[in-house]
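Colleague: Just dropping this structure here.
The values are calculated or read from the model by the stated rules, or taken from the named source; none is laboratory data. Everything numeric here is computed off the predicted structure, so don't read it as measured data. Because the Cβ atoms are built from the backbone with ideal geometry, glycine has one as well, and the counts that use them run over all protein chains shown.
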Amino acid sequence: MQVMLAPIGTSPALTLVAADILGAEVADDAEDWAAVADAITGRLAQLRATQMDIAARAHISLTTLRELQHNTRPRHRRPQTLTALSEALGWPGDYLAAVLHGGTPKPHPDEEHDPVLTALTAIERELGLLRDRVGRIEQRLAREDA
């Protein structure tokens, strides 16, 4: 059984002491699990990897990966889970933890300055813009036909 403590009318210090005594986890409002989900989804698409492949590489359950990717059960995770998942996705171990806490994570140095990856990122961005534009055109045509 997992107990979550959230500060209600008390100081955060008292909540942390209570959490230590009870062995509970403290809900952290500064955690952005939606950003983690977006990062995972984007990276899976970028790598063209399956959830099953990444879960196996990270040694986590497929259910855990799905919960993180779709942000269905935002809750505190062990730091080792995010580290293993970051590494399985080809990122530095602290990448997803940085995303979770609102930081700007840095990719591996070789990815940062790779001209092929830079060009590919620009192509993917342009493709996304073109898809959006085609979608709007299709919607406009459907309205005109109706």
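Colleague: Of the residues A37, A49, A58, which single one is assigned by TED's automatic domain parsing to the domain that holds A88 and farther than 23 Å from L120 by Cβ? Quick ask: steps written out before the conclusion?
Modeller: Numbers: A37 fails: farther than 23 Å from L120 by Cβ; A49 fails: farther than 23 Å from L120 by Cβ.
Checking each option against the conditions leaves just A58.
Colleague: While we're here: Somewhere in the stretch 83-93, is a residue among the β-branched types (V, I, T) and assigned by TED's automatic domain parsing to the domain that holds R43?
Modeller: Residues of the stretch 83-93 among the β-branched types (V, I, T): 83.
Among the residues that remain, those that are also assigned by TED's automatic domain parsing to the domain that holds R43 are: 83.
Yes - at least one qualifying residue is present in the stretch 83-93.
Colleague: Would you mind finding the one in T81, T63, T72 that is modelled with pLDDT of 95 or more, over 24 Å from E124 (Cα atoms) and within 14 Å of the chain's Cα centre (by Cα)?
Modeller: Numbers: T63 fails: within 14 Å of the chain's Cα centre (by Cα); T72 fails: modelled with pLDDT of 95 or more.
Only one candidate qualifies: T81.
Colleague: I need the full set of residues from the stretch 49-72 which are among the basic types (K, R) and within 22 Å of P92 (Cβ to Cβ), in order please.
Modeller: Residues of the stretch 49-72 that are among the basic types (K, R), as a first pass: 57, 66.
The one that is among the basic types (K, R) and within 22 Å of P92 (Cβ to Cβ): R57.
Colleague: Could you please find all residues in the stretch 92-104 being in contact (Cβ under 8 Å) with a residue 40 or more places away in the chain and surrounded by fewer than 18 Cβ atoms within 10 Å (Cβ to Cβ)?
Modeller: Within the stretch 92-104, H101, G102 qualify.
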